[in-house]
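To start, the structure itself, in structure tokens.
The values are calculated or read from the model by the stated rules, or taken from the named source; none is laboratory data. Nothing here was measured: the structure is a model prediction, and the numbers come from that model. Every residue, glycine as well, gets a Cβ built from its backbone with ideal geometry; the counts of neighbours run over all protein chains shown.
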Amino acid sequence: MSDIIQLLPDHVANQIAAGEVVQRPASVVKELLENAIDAGATNIKLLLKDAGKTLIQVIDDGKGMSTTDARMSFERHATSKIQKAEDLFNLSTKGFRGEALASIAAIAHVELKTKPVNEELGTSIKIEGSKIISQDFISTGAGTSLAVKNLFYNIPARRNFLKSDTVETRHIIDEFQRVALAHADISFLLHHNNNEVYHLKAGNLRQRIVAVFGTKMNEKLVPIDEKTDIVTIQGFVAKPEFSKRKRGEQFFFVNDRFIKSSYLNHAVVNAFDGLLEQGAHPSYFLYLTVPANTIDINIHPTKTEIKFDNEKALYAMLRATVKHSLGQYNVAPVLDFNRDAGLDTPYHFKGGSTSGSVPKISVDPDFNPFKEEQQKAISFPFKREKETQSWESLYTSVNTTDAQQNESLFEHQQEEKTQKTFQIQRKYVLSLIKSGVVLINQSLAHQRVLYEEFLESITIREANSQQLLFPVKISFSSAEIEMIYTIKTELENAGFSFDQFTKDSVTIKGIPVSVTESKITIILEALLNDINLEVPDASFSHFDVMAKSFAKTLSIKTGTLLSEKEQESLVNNLFSCKEPTISPFGKATFKTLTLNQIDNLFNS
Ligand code: ADP
Ligand code: MG
């Protein structure tokens, strides 16, 4: 048999290697930002077009490269950062594998411009799919600019696999935030399609966190500071009352590198023991500094997981430190969401015990998540009378002639004045039908109703909007503003109207009729959260995510007392839905118990 094994040509090997390093535009962003930091930059600019699909450019004022280095930097395993294997265990740089530029150049159009401070002329190199197209001397400022255009242009399968611009932008912003949070002393600029998304000035850690997440973050932070022989722990945790329903603002940095660690996360969550409602996630920004020789960074392709020598000790120390700080700052007593909502103060108002400080509220001091639901449990934006008749006819009712004709299903059973619905434990609505009873889950049923209504109004695009008497200005982080901006049209279809976008706020002058003013912030925050968590498939539609998100946020919840009228209108509205049987998230909205089934309960 003849020999069949061949070495792959470099450009093919690079393309394969690229698969590991570069999954999406955000991966390129991470590598380029890290290179700029390793080069000692103090100002870093990130310019994007079309969520990085068209352009990702990083411009730094770091040490630059000589002409030979510029050429070398695109070779595989070409790095200035380590020389021998032992160096791996004493890293002070982000990069060390020497793979990123080679990989990126294999799958994109790349343009490098670079100049060390003390050189007269700089170098410009253009590469497409690992092939050098041109190399020139240029006059340029000190530092490096690397532009990556048309990512995956030669791997259509990868390019087609990219998600919507919103999702890819979100991934990029995540990477950007991680790098920016790890380096408060470096100034960062982020422009997307010529809009400034972030302009982060060099400063201290608190300033950086607030600049990234918006001014309302400032009052939430509890500082953490502990030095021991094996680790220094610094940073902040957010007070428990600001914990999130979804995992979100959770950041660990180890030696200035963002990492993921469910083990360390567990330590922090554990420290919040008793302070968090079930299912809530604390926010934290924790910076661990350990001796470089006690960790192994080279265990994960994107270096976001690392191995610690003293994992157990770190766990214990982290837990103790966070617990101690929470105690010292005397934050919030135990929060219990399950108690009688009617007697409760909104959880924002809870806070310090007698000696503690009461958390201030920056967004909406009048917001009470329970009050409104008590008073005005269900708000239905549209008149549904016409459609409801068909379902109502299924119920017994003396004055409906239709019902009489519809006797195949139901027959008269009730006196007109008799109550037809009952609420059980503020959770279920029981409704009588001829053949037995229906048990409706009030929250899931209302989700279905709202979901269909929103979907209809968003897709049909008839604005069911109410103008606000006074436009409301809401502050968000720049990343959030960017997200809202990309889904502005859909939000407008849903009934929102916007007045003014700034870098960290949006002014809203109209809202959907089913939304009350006090809920604007929560529903937008929940929506952004849901879009972030969304793992979209090809049929990804913001409409659907939006309708689901709004339905979930605005639906009446378990624990809400419903008047008889409200119960009935819920039942009617549910059964005039196109798909009354399941919630938008696939759960059963009601169950029927037939008379037979009830009889059987007694016969067994
Ligand atoms: P690594 O970062 O693992 O060394 P890269 O492929 O990312 O590998 O970069 C290769 C080399 O190119 C780096 O080691 C560095 O010497 C040089 N380089 C890359 N980006 C820059 C930059 N922005 N400024 C100066 N040098 C850079
Ligand atoms: Mg690198």
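Quick rundown of the values:
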{"quantity": "Filter result for Lys49 (in the same structural domain as Ser27 (by TED's automatic domain parsing), over 23 Å from Ile132 (Cβ atoms) and within 13 Å of ligand 2 (Cβ to nearest atom))", "calculated": "no"}
{"quantity": "Residue match in region 176-195 (condition: loosely packed, with under 14 Cβ neighbours inside 10 Å, farther than 27 Å from Ala280 by Cα and not assigned by TED's automatic domain parsing to the domain that holds Ala479)", "calculated": "yes"}
{"quantity": "Scope region 100-113; condition more than 14 Å from ligand 2 (Cβ to nearest atom) and in contact (Cβ under 8 Å) with a residue 40 or more places away in the chain; matching residues", "calculated": "Ala106, Ile107, Ala108, His109"}
{"quantity": "Strands (runs of 3 or more DSSP E) lying entirely in region 72-171 (those with 3 or more residues that are of a type in the set (A, V, I, L, M, F, W, C) and within 16 Å of ligand 1 (Cβ to nearest atom))", "calculated": "143-149"}
{"quantity": "Contacts under 7 angstrom Cβ, first residue in region 541-558 being in the same structural domain as Leu450 (by TED's automatic domain parsing) and in a helix (DSSP H, G or I), partner polar (S, T, N, Q) and at pLDDT 90 or above, 6 or more apart", "calculated": "Ala551/Gln447; Lys552/Gln447"}
{"quantity": "Region 9-27, residues that are within 15 Å of ligand 2 (Cβ to nearest atom) and either closer than 20 Å to Ser80 by Cβ or outside any helix (DSSP H, G or I) (or both)", "calculated": "Asn14, Ala17, Val21, Val22"}
{"quantity": "Boolean, Thr93 is in contact (Cβ under 8 Å) with a residue 24 or more places away in the chain, away from ligand 2 (no atom under 13 Å from the Cβ) and out of contact with any Pro (no Cβ under 9 Å at 6 or more places or on another chain)", "calculated": "no"}
{"quantity": "Test: residue in region 55-67 that is outside any loop (DSSP other than H, G, I, E, B), hydroxyl-bearing (Ser, Thr, Tyr) and near ligand 1 (Cβ under 8 Å from one of its atoms)", "calculated": "no"}
{"quantity": "Filtered residue count, region 196-213, keeping only those that are in contact (Cβ under 8 Å) with a residue 40 or more places away in the chain and crowded, with 21+ Cβ neighbours inside 10 Å", "calculated": "5"}
{"quantity": "Members of region 570-604 found to be in a helix (DSSP H, G or I) and under 27 Å from Leu524 (Cβ atoms), listed by number", "calculated": "Leu570, Asn573, Leu574"}
{"quantity": "Test: residue in region 147-160 that is without any contact (Cβ under 8 Å) to a residue 40 or more places away in the chain, crowded, with 19+ Cβ neighbours inside 10 Å, closer than 30 Å to Ile259 by Cα and within 16 Å of ligand 2 (Cβ to nearest atom)", "calculated": "no"}
